[in-house]
Structures are given as structure tokens and as C-alpha cells.
1. Limited to the stretch 1-44, what total is found for residues that are assigned to a helix (DSSP H, G or I) and either at pLDDT 90 or above or of a type outside the set (Val, Ile, Thr) (or both)?
2. Looking at 174, 205, can you tell me which residue is of a type in the set (D, E, K, R), loosely packed, with under 12 Cβ neighbours inside 10 Å and on the phi < 0 side of the Ramachandran plot?
3. Regarding the stretch 307-325, can at least one residue be identified that is modelled with pLDDT of 90 or more and not in a helix (DSSP H, G or I)?
4. Can you go through 34, 21 and tell me which one is within 21 Å of residue 73 (Cα to Cα) and small (Gly, Ala, Ser)?
5. State all residues of the stretch 28-45 that are touching an Asp or Glu at 6+ places or on another chain (Cβ under 9 Å) and farther than 13 Å from residue 198 by Cα; if no residue qualifies, say none.
6. Go through the stretch 45-64 and give me each residue that's part of a helix (DSSP H, G or I) and over 16 Å from residue 12 (Cβ atoms).
7. Within the stretch 186-205, which residues are under 13 Å from residue 163 (Cα atoms), of a type in the set (Lys, Arg) and in contact (Cβ under 8 Å) with a residue 24 or more places away in the chain?
8. How many residues does the stretch 233-275 hold that are touching a Pro at 6+ places or on another chain (Cβ under 9 Å), among the hydroxyl-bearing types (Ser, Thr, Tyr) and part of a strand (DSSP E or B)?
Amino acid sequence: MASQDWIEKDFYQVLGVSKDATDADIKKAYRKLARKYHPDQNPGDTAAEERFKDIAEANSVLSDPEERRQYDAIRAMGSGARFSAGGAGAGSAGGFEDIFGGLFNTGGGRTRTRYTTGGGGGFDASDLPPEFRDLFGGGGFGGGTFGGGGYGQTPQKGADRQATTSISFAGSIRGTTIGLREGAGDVIEVRVPAGVRDGQKIRVRGKGHPGAAGAGDLIVTVQVKPHDLFTRDGDDIRITVPVTFPEAALGTSLQVPTTDGDTVTVRVPAGTPSGRTLRVKGRGVTTAKRSGDLLVKIEVAVPQKLSGAAEDAVRAFAEATGDADPRRDLVTRARL
């Protein structure tokens, strides 16, 4: 993204977080907004689609520590900046003095920077921070100087390109290959590794803009579509499984689906309350570093309609357990 775009866009405002937000704050805000404005949740709503693109763009910058650092620096530098074409009263800095004047001053006054046009002198930006140095094309103005001897430029790689793609939940768990079609009709194949996270970036070498020192790279931001049953929590997979009251009270064994496409047997102990989570080791997301777990949340299902026999049985159970009061100390505990 061009630095001028970064100056004009407030990514913190897009995600609704403060400028000192932590990585966790940014991730939480992005997930909440992405679910709300995802095109699958808002079919035919162009405004929601544009909002979703802005949210994805903001997350791609703020979730990357290096890009966020550069963004913050450029935004701070660009507030109040004026780009002019020079002319009377423009000064010898060629219209950039409002942004860079403070970097070039050596005293406490408002000293204007002058660029030599004769001899071997010139401006060298090698001492500038990388995020400012990039604006000049490298270590100086293209690696050379302005001077009477001409302008020498070190060959530069082409600029990177940005792209965004959506994949299925299954594709994010198992890995997949997608094809991105360019305007000219060419298709770039992008291999998405198993375990890729929502919002993660994949670099495809040599598929960016061409340059004298070789083409830049293609940076693809991956957006993962939600699943009906599974949700991801780090490298763990969560699923909610309903059980009947007798199963929870007496205990049972369940066949629980996994992201592998098969099932795993989960033992529910007698007396398991609704909301308890049972862990199945190693059946979550498998990456190059580790394998997560499958987290099974038990939810006791309450029947919406009872037959006469079932209703009699429930009433008999209520009478048999009449001395049990789960709210016995509720009032006491509620006292402030």
C-alpha cells in the first residue's frame, strides 16, 4: 500500500480500537467485525462488502508488527503534511519540507535543506529510519545523489502486490491450493498450508510488480469462512454437543465428529453439568509445530414437548429429589 494511502486511512478507527491496542485487542475486534460484515452473512449488500474489505485491510496492517510500526510512523509524520510542486515561496526542499524538515534541521531553528546541483555532493538518506528511507527508494534517492555528475540509481526489486482470498474452514485445517486470476487472464496458484489462521498472510515469491532487480512478491491475506459446528481457538477446535438429561445424569459415551471427517469416542462421566468442556488430546489443528486438542462442550438438551408417560416420569423424578435445592444458598451468595 502506498504511504499516501496510509496517511489518509485510520485503520484503528476502522477496527474501533485505540492506538495503543494490544495484538489481542486487534484480533478480537477484527473477528467480531469480520463475522458481522462477511459477504456470506450479507448477500447482495455492497455496503457491507466494502466495509468487510476495509476491515480486512486494516487487520492486515495492524496485525503485522512491522507494518504496524511503519504505519504508525508514517501516520505521525504525515499529519499536517503538505505536498506542493514548488514555485515561489515553496522553499528549496521541493515541497517536502513540512514532512521532512525536522529530520534535516541541525539546529533549533527552521533551517531549510538545500540539495546540491553541482559537484559530487548531494542528499544521502542512509541515516533515515527504514520506513522513511523507503519513500526515497532505498539508502538515498535511489541509491545515488543529485549532482552535476549525473544521477546513479541502484537497481531495485519491483514492489509487492496485495491480494485477499477466502477459503473454507476445511481448507484452513487440511491445507489447500487456490488460483488467483489476474486481469490479463493468467492464474497464479497459491498453496495454503494446513493450519493457516484467519487473517494470516502468505507470501508468493516473484509474483509482484516487475523491477530491474527482479519482481516483487505477492502477499495474500487469507480469510477463513466460519463453520456450522466447529470454531477455532488457537490450535484447539471447539464443538458443542447436546446430550439428554439421563445421559448427563447417568453418564454415557458419545461419538463426536472431528475435522478429519471421522468420529472420536468421548466418555461423559455421570453427573456432568451442562456447559462442562471435555478435552480430547491431539484431535485439533495440526501444524508444523504442534497438534491442538478437540474441546467438547456438553449441553443438556431440554425437551420442548413431553408425552404423557414422559411427563409422569419427570414428575416422579421431581418428587424423588424434592429435598434437592440447587438454589439453596443463592440469596446468601448474592448479598453485597
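1. Summing the residues that are assigned to a helix (DSSP H, G or I) and either at pLDDT 90 or above or of a type outside the set (Val, Ile, Thr) (or both) in the stretch 1-44 gives 25.
2. The unique qualifying residue is 205.
3. Checking the stretch 307-325: at least one residue is modelled with pLDDT of 90 or more and not in a helix (DSSP H, G or I).
4. 21
5. Within the stretch 28-45, 37, 39, 42 meet the criteria.
6. Selection gives 46, 47, 48, 49, 50, 52, 53.
7. Within the stretch 186-205, just 201 meets the criteria.
8. 2
The values are calculated or read from the model by the stated rules, or taken from the named source; none is laboratory data. Being a predicted model, the structure only gives us computed values, none of them experimental. When we count neighbours, we look across all protein chains shown, and the Cβ atoms used for this are built from the backbone with ideal geometry, even at glycine.
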